[in-house]
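*Asks:* Handing you a structure now.
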Amino acid sequence: MRPIAIIAGKELRDGFRNRWVVATTALLAALALTLAFLGSAPTGSVKVSALGVTIVSLSSLTIFLVPLIALLLSYDAIVGEAERGTLALLLAYPVARWQVVLGKFAGHLAVLGCATAIGYGVVGGAVQWTGGDDGGAWAAFVMMIVTSILLGGVFVAIGYLVSALVGDRGAAGGVAIGVWLVFVLIYDMALLGALVADQGRTISAGALNVLLLLNPTDVYRLINLTSSPNVSALAGVAGLGASAGFSPTLLVAVLAAWILAPLVAATAAFARRSA
Amino acid sequence: MSGATVVMRGVTARYGRHVAISDLDLELRAGECVGLVGHNGAGKSTAIKLMLGLLSPAAGQVAVLGATPTAGRSAQGRRQVGYLPENVALYPSLTGAETLGFFARLKGQPVAANSALLERVGLAAAARRRVGGYSKGMRQRLGLAQALLGQPRLLLLDEPTTGLDPEVRQHFYEILRNLRRDGATILLSSHALAELEGQVDRVIVMNRGRKIVEGAIAELRGLAAVKPRIRARLAHPPAAVVAPPDPRPEWKPLGDGRFETTCEESEVAVALRDLPAFADQVEILRPSLDELYAAFQAGAS
């Protein structure tokens with residue numbers, strides 16, 4: 001355990017040193033504040049919770065931004081250290097390769113966790129303070145922050161897999177951007193296109209559910225946009241959430257599996273890589 | 001196995017299809033300081049990576065401190081190994097003290113001893129500065145400090161003295177002598193052969209992944225049959241040249257009244273005695289390692 005904690009501590013310190021934490025926290029907080037206060041204009045007339053609206057808009061923001069930040073943080077983790085020459089020295093120490101991967105993961109997740117929790121927490125507080133409405137949406141809001149960090153974890157793990165497989169930094173960066181495009185933009189568009197073209201003839205509801213679980217950003221969307229009837233009515237996905245019929249526990253478990261699988265694959269790929 | 005810190009038997013290593021080392025046999029004993037010599041690409045760094053377990057041999061066996069270095073990749077044996085990579089790269093955002101603290105904790109060593117170590121390599125004043133702002137020589141010294149963490153029994157130093165100024169270099173060799181006295185095994189790789197002279201017990205000369213020759217420098221001199229040369233300046237030609245039947249081989253004039261002759265090692269004293277009393281600027285030029293290296297290279301190819 002010790003080497004993992006030592007490496008995680010170093011990554012976290014790096015995160016604070018090179019302003020990753022500060023920059024991402026500021027970025028998330030600024031965008032989230034903008035969305036929260038511009039987006040909550042209609043709440044007065046519709047009589048819904050201001051925090052509920054904020055959850056919907058912040059979820060959409062998270063889906064775009066958090067995977068990107070996570071991939072930028074992680075794509076370089078192995079291939080970058082190999083290229084700069086620090087990896088050979090690190091591996092000459094009494095540290096196993098899986099410990100290096102897990103240590104970096106813990107550190108990067110902490111960096112992301114700090115940024116998300118502080119950035120969104122500030123916004124949640126501000127909305128609550130100015131809006132001053134029900135406390136009922138708080139559970140959903142906390143759930144959103146936790147799952148945002150988990151979603152970040154998924155893409156940090158995918159970033160390591162890319163980093164362990166690809167031969168040079170430039171290529172790893174390119175592949176990481178490709179991963180982001182596929183999961184965040186292309187997958188959903190393709191799925192939508194397929195559904196429209198298919199007109200419900202071959203793609204059953206069950207098949208659609210499985211297809212949604214195959215994209216971690218959709219899993220995240222299902223958790224947060226259907227977290228309470230209030231929120232799902234706002235998000236306009238009430239029907240989808242109800243028909244999917246996944247329990248939140250199952251969805252979080254799927255997200256956890258999306259972290260574990262790439263992390264295990266990254267460790268295996270790293271073990272075969274020559275330093 | 002008694003006393004052998006590193007044993008390599010018939011080791012071959014490949015990067016893809018490129019064969020970096022072929023059929024290498026090598027043994028390093030406790031308390032020994034060995035030079036690993038060869039041009040860039042001769043397989044020196046690869047040999048060191050095999051000993052560290054960073055690379056698995058395609059054929060043959062490697063044993064370090066009695067264990068296979070690649071088995072169970074977090075092998076406890078690594079606590080007893082110090083490694084300085086060629087052109088050491090460190091984390092630029094950490095300070096010198098933080099860097100050493102990070103590595104000390106990984107090795108399970110008390111961090112308290114670090115400031116003394118930084119003092120020893122002359123970095124005490126720069127300990128709180130970030131490594132990103134260090135000069136090449138300072139990075140090299142910090143790299144050396146991390147290799148020395150925890151009194152290693154085996155030190156693998158890849159081109160350790162590049163970028164060190166002469167004063168630090170002397171200090172560096174002094175540190176190595178102290179470690180040897182404590183029974184550590186030291187492997188120094190270098191392509192600057194002259195530098196190892198007087199510092200190592202023996203050298204292993206490599207070329208294109210193969211060991212060409214191995215032995216103490218004096219032994220290699222004998223093997224290479226490169227003879228010592230004597231140079232002297234004379235106001236007028238030496239008696240040996242003027243008065244023939246002299247057993248000495250002829251002195252070749254080099255211009256400016258300087259002459260040179262070649263003889264066997266055992267005949268140096270005789271050659272010097274034959275010099276007239278007015279000879280000055282007398283030099284004995286023994287073949288440097290570079291010349292030996294060239295001779296072995298010629299013999300190998």
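The values are calculated or read from the model by the stated rules, or taken from the named source; none is laboratory data. All values reported here derive from a predicted model rather than from experimental measurement. Cβ atoms come from the backbone with ideal geometry, glycine included; neighbour counts cover every protein chain shown.
*Asks:* Exactly one condition in (1) at pLDDT below 95; (2) out of contact with any strand residue (DSSP E or B) (no Cβ under 7 Å at 6 or more places or on another chain) is not met by A:G152; state its number.
*Replies:* (1)
*Asks:* Right, another one. Tally the residues that are within 14 Å of chain B (Cβ to nearest Cβ) and either hydroxyl-bearing (S, T, Y) or closer than 21 Å to A:A23 by Cβ (or both), restricting the search to the range A:90-107.
*Replies:* Looking only at that region, the number is 3.
*Asks:* If I filter the range A:260-269 for residues that are at pLDDT 80 or above and either within 14 Å of another protein chain (Cβ to nearest Cβ) or under 24 Å from A:L51 (Cα atoms) (or both), do I get at least one hit?
*Replies:* Yes, the conditions are met somewhere in the range A:260-269.
*Asks:* For the range B:31-67, give me each residue that is closer than 30 Å to B:A294 by Cβ, hydroxyl-bearing (S, T, Y) and more than 14 Å from the chain's Cα centre (by Cα).
*Replies:* Within the range B:31-67, B:T46 is the sole residue that qualifies.
*Asks:* Any chance the range A:233-246 includes a residue that's out of contact with any Cys (no Cβ under 7 Å at 6 or more places or on another chain) and modelled with pLDDT of 75 or more?
*Replies:* Yes, because at least one residue in the range A:233-246 is out of contact with any Cys (no Cβ under 7 Å at 6 or more places or on another chain) and modelled with pLDDT of 75 or more.
*Asks:* Scan the range B:157-180 and give yes if some residue there is in contact with a Leu (Cβ under 8 Å, 6 or more places away or on another chain), farther than 25 Å from B:T99 by Cβ and acidic (D, E), otherwise no.
*Replies:* No.
*Asks:* Another question, if that's okay. Go through (1) β-branched (V, I, T); (2) under 25 Å from B:P57 (Cα atoms); (3) part of a loop (DSSP other than H, G, I, E, B) for B:I204 and report which single condition fails.
*Replies:* It fails just one condition, (3).
*Asks:* Next question, about the same structure. Of A:A110, A:A82, which residue is touching a residue at least 60 places away in the same chain (Cβ under 8 Å) and either outside any helix (DSSP H, G or I) or more than 13 Å from chain B (Cβ to nearest Cβ) (or both)?
*Replies:* Exactly one residue qualifies, and that residue is A:A110.
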